[in-house]
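Remarks on the structure that follows.
The values are calculated or read from the model by the stated rules, or taken from the named source; none is laboratory data. Everything numeric here is computed off the predicted structure, so don't read it as measured data. A quick note on method: Cβ atoms are made from the backbone with ideal geometry, for glycine too, and the neighbour counts reach across all protein chains shown. We work out accessible area using only protein heavy atoms, side chains counted, and drop any ligands, DNA or RNA first. Shrake-Rupley method; radii C 1.70, N 1.55, O 1.52, S 1.80 Å.
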Amino acid sequence: MSVEIEAPPGRIGLWHGITPLAVSAELLDEDAQQVSGAGVWVTDRAGRTFLDARAGMWNVALGYRHPTVIDAVTAQLRTLPAGVTIRFEQPPQITMDYAERLLDRVGGDYATVKLYQSGAQAVEGAVLLSRYLSRIEGTPGRDRIIALNSSWHGAGVAAGAVTGEPHVHGACGPLMAGVSHVDPPAPDDTGAGVAAVAAEFDRLGPDRVAGVIVEPVLGTNVRPLPDGYLADLAALCRRRGALLVVDEITTGFGRTGALSRSVADGVHADLLLLGKGITGGYLPMSAMLVGSALAARLLGSPTREGFPHGSTSDGYPLGAAAGMAVLDVFDAGLLDHVAVVGAYLRDRLETLRDRHPSIVDIRGRGLMLGIELATGGVPWPAARCESLRFACEEHGLLIHTGNNVVDLMPPLIVTAAECDEICARFSRALSGAEAGW
C-alpha cells in the first residue's frame, strides 16, 4: 500500500530531537530559539526569559555560564584541546588525572573507569561488556539481560532494548535481542520486586543471565525504588553469577543528593554508569565505573583481545577539564546545598496540594522530583500534561512531562527564592489547566 506524502515546504533545517519530522517543522519557531542563559535562567530570541526547571534535559547541573567550568575549558582549549584515549598509548594527562579523581570522589569499590560521550553509549557499553565477559570466560550462553519496565536507559540498538518503554522497542525494531523486562517493585515493597527478577532468572534457566540493569529512581514517572531494593538485588545477582549494572546517568552527580545514589546507600555495583551533570551539561561525556572484582576478572582473562566498544572522542581533554571543574564545585559544598534546597522545594510543592486537587503525589529524592496528576482518580492523559507544559512556558517556566507526571529537575545551584518562583509559576499554569479541562 503506497502512501501519498506531501513534500515539505522547503528546507526544514534542524530535526528537533526525537520528535517526528513533521512535528519538528511545526514546532521550530525562530522566536523560541534560546540565545543566552545565566544561572537557572534562559532567554529566547524574542527576549522572553524562562526559569529552567528541567535543567536543559536534566543535565545542566550547574546552570548556565558557570565561571568555574568556563575557565577550566577555556584553559584546556589553549593547551591541549584534543586527544585520543580509545587507541594508542599516549592519552591526555588531564583525562588520566580526571579518571583517578573521579574514582576517588565517587568512592565505593571501583577500580577503573571507561569514558564515553553519552548516557546511552555508556549503557550499551555496560550491556556489551557483560556479554563480552561471558564469552572470554567460556560461558557464551550467559547472554541475557534483565531490566525493569517503566525504566529509561536511552535510545539505540542496545540502550533502547533495555529501556522499559514498549513504544521504543517497536519504533525501530528489531533492537538487540536477549532482553527481558519485569515489573518494578511497588513503592513500599522490596521483596516482591526482587522476587520478580529472581523468577525471571529461573524462567531463563541456569547460567543464562549476564547482567541486570536498574536505575535507583526510575526515570519514567520519577519512581524511587524502595529502600533496600538495590542491596537485595545486588545480593541476588551475586548468588546467580550475573553482573549488577546501576544506571545513574540521571540520578548521579548530585541530582538525588549524592555523586552516586547507590554508593551513598551502601550498594556497590559491578558497573556504575554516570552522565548528565558530569560536565555540568557543557560538553558530552559519560562514564562507566568498573568494580574491583570485575576488573580483576577482566585482568585475569587469558585473552589479549580488546573490548571493541567506544568512539574517537571518548575521554576528550575538554570534557575531562569540565569534569574536573564540576568536581571542584562539588568539593566546595554543592551536595549540602542540594540537600537543603531539595527539601525546601519539596515542602513548597506540598503546600500546593490544598489549592490543586489534581496533585495526587509528590515524590523523588534531592532535586529529582515528580508531581503526579489525576482528576477523580483518573490519571491525566499525556496530551493534557503536554498542554500543561506549554502553559508553564506561557508563565516563563520550563518543565518536562511524561505520562501523567511533571518532572521538576532544576539546576543544582537553584536558590530557595527561585524554588518559590518555580512553585508560583507552576501553580498559575496548573490553575489554568485545571479550569480548562
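Using amide H atoms built 1.01 Å from N in the peptide plane, name the residues 5+ places from Leu397, or on other chains, whose amide H lies under 5 Å from its own.
The list, which skips near neighbours in sequence, is Leu51.
Just name one of Pro317, Ala55, Leu412: the one whose Cα is farthest towards the positive end of the charge dipole of the chain (beta-carbon charges, Lys/Arg +1, Asp/Glu -1).
Pro317
Pop out the Kirkwood hydrodynamic radius of the stretch 279-437 from its pairwise C-alpha distances, inverse of mean 1/r, in Å to one decimal. Before the final figure, lay out each step's value.
Details: mean 1/r = 0.0532 Å⁻¹.
Across the stretch 279-437, the inverse of the average 1/r is 18.8 Å.
Computed from the coordinates I sent, P(r) over Cα pairs in 10 Å bins from 0, in percent equals one of (i) 4, 15, 18, 16, 14, 12, 10, 7, 3, 0, 0; (ii) 4, 15, 17, 13, 9, 7, 6, 4, 4, 4, 5, 4, 4, 3, 1, 0; (iii) 4, 20, 30, 27, 15, 4, 0. Tell me the label.
(iii)
Would you compute, from DSSP H runs of 4+ residues alone, the mean residue ellipticity of the chain at 222 nm, taking -39500 (n - 2.57) per run and dividing by the full residue count, rounded to the nearest 500?
On the way: 15 runs with 166 residues, N = 437.
Taking each H run of at least 4 residues, the total per residue is -11500 deg cm²/dmol.
Compute a Gaussian network model of the chain, connecting alpha carbons closer than 10 Å, and tell me which residue from Glu248, Glu418, Glu100 fluctuates the most.
The residue that fluctuates most here is Glu100.
Around Pro226, with a cut-off of 14 angstrom between Cβ atoms, what is the net charge of the other residues, counting Lys and Arg +1 and Asp and Glu -1? Please report the intermediate quantities before stating the final value.
Numbers: positive: Arg223, Arg261, Arg363, Arg365; negative: Asp183, Asp188, Asp189, Glu215, Asp227, Asp232, Asp265.
Computed value for this residue: -3.
Using per-residue counts of other Cβ atoms within 10 Å, averaged over each peptide, order 176-189, 156-169 from highest down. Mind dumping the intermediate values first?
Values: 176-189: 15.9, 156-169: 20.4.
Final packing ranking: 156-169, 176-189.
If contacts are Cα pairs under 8 angstrom and at least 6 residues apart, what is the relative contact order of the chain in percent?
Details: 831 pairs, mean separation 90.0, N = 437.
The normalised contact order for the chain reaches 21 percent.
Give a residue-ordered list of calculated ³J(HN,Hα) values for the stretch 66-75 (Karplus: 6.51 cos²θ - 1.76 cosθ + 1.60, θ = phi - 60°; whole Hz; x for Gly, Pro).
6, x, 5, 6, 4, 5, 5, 5, 4, 5
Under 10 Å, Cα contacts only: if you run a Gaussian network model on the chain, which one of Leu335, Leu175, Leu21 comes out with the highest mean-square fluctuation?
Leu21
Expressed in nm to one decimal, what extension gain is obtained for the pair Thr351 and Gln34 from 0.36 nm per residue of sequence separation less their Cα-Cα distance? Kindly include the intermediate steps, with their values, before the conclusion.
On the way: separation 317, 0.36 × 317 = 114.12 nm, distance 3.20 nm.
Gain on stretching Thr351 to Gln34: 110.9 nm.
Search the structure for amide H atoms under 5 Å from the amide H of Ser286, placed 1.01 Å from N in the peptide plane, and list their residues when 5 or more places away or on another chain.
Tyr116, Gln117, Ser118
What is the calculated FRET efficiency for Thr79 to Arg238, with r their C-beta to C-beta distance and R₀ = 35 Å, to the nearest 0.05?
On the way: r = 44 Å, r/R0 = 1.26.
My answer for the efficiency is 0.20.
Top to bottom by accessible area (1.4 Å), largest first, where do Phe50, Phe88 land? The partial results should precede the final answer.
Working: Phe50 25, Phe88 145 Å².
These residues rank, largest area first, as Phe88, Phe50.
Nearest 10 degrees is fine. How inclined is helix 229-240 to the longest principal axis of the chain, computing both from alpha carbons?
Roughly 20 degrees between the two axes.
Sorted by mean Cβ packing within 10 Å, highest first, what order do the peptides 297-310, 69-82 take? Let's see the in-between values first.
Details: 297-310: 11.8, 69-82: 15.4.
Ranked by mean Cβ neighbours within 10 Å, highest first: 69-82, 297-310.
I need the per residue convex hull volume for the stretch 35-169, using only the alpha carbons, in cubic angstrom as a whole number.
On the way: hull volume 25.9 nm³, N = 135.
Hull volume normalised by residue count: 192 Å³.
Which one, Arg389, Arg105, Arg142, has the greatest fluctuation when you compute a Gaussian network model over the chain with C-alpha springs under 10 angstrom?
Arg105
Restricting to the chain, what percent of DSSP beta bridges are antiparallel, rounded to 5?
Details: 35 of 52 bridges.
If I count the DSSP bridges inside the chain, around 65 percent turn out antiparallel.
At what distance in nm do the modelled label points of His395 and Ala192 sit from each other, each positioned 7 Å from its Cα along Cα→Cβ?
Between His395 and Ala192, the simple spin-label model gives 3.5 nm.
Count charges around Glu30 for me, please; just the other residues with Cβ under 12 Å from its Cβ, Lys/Arg as +1, Asp/Glu as -1.
Numbers: positive: Arg45; negative: Asp29, Asp31, Asp44.
Once all neighbours under 12 Å are counted, the net charge is -2.
Step through the residues of the stretch 272-277 one at a time and calculate ³J(HN,Hα) from phi using the Karplus curve (6.51 cos²θ - 1.76 cosθ + 1.60, θ = phi - 60°), rounding each to whole Hz and writing x for Gly and Pro.
10, 10, 10, x, 6, x
Rounding to the nearest 20 debye, state how big the charge dipole of the chain is about its Cα centre with +1 on each Lys and Arg Cβ and -1 on each Asp and Glu Cβ.
On the way: 35 positive and 49 negative charges, 147 e Å.
Here the chain has a charge dipole of around 700 debye.
Ignoring ligands, DNA and RNA, what percent of the 1.4 Å accessible area of the chain is carbon and sulfur?
Details: 10720 of 19650 Å².
Within the chain, the accessible surface is 55 percent carbon and sulfur.
Determine the dipole magnitude for the stretch 87-187: charges of +1 sit on the beta-carbon of Lys and Arg, -1 on that of Asp and Glu, nothing else is charged, the reference point is the Cα centre, and the result goes in debye to the nearest 20.
Details: 8 positive and 10 negative charges, 42 e Å.
The dipole magnitude comes to about 200 debye.
What nm distance separates the two modelled labels at Glu305 and His16, each placed 7 Å from Cα along Cα→Cβ?
Result: 4.6 nm between the two label points.
Trypsin sites (Lys or Arg not before Pro) within the stretch 8-52: which are DSSP loop residues with at most 12 other Cβ atoms inside 10 Å?
Values: sites: Arg11, Arg45, Arg48; in loops: Arg11, Arg45, Arg48.
Those that pass, being in a loop and sparsely packed, are Arg11.
Just the number please: accessible area per residue for the chain, 1.4 Å probe, all protein chains included, in Å².
Details: 19650 Å² over 437 residues.
Per-residue value: 45 Å².
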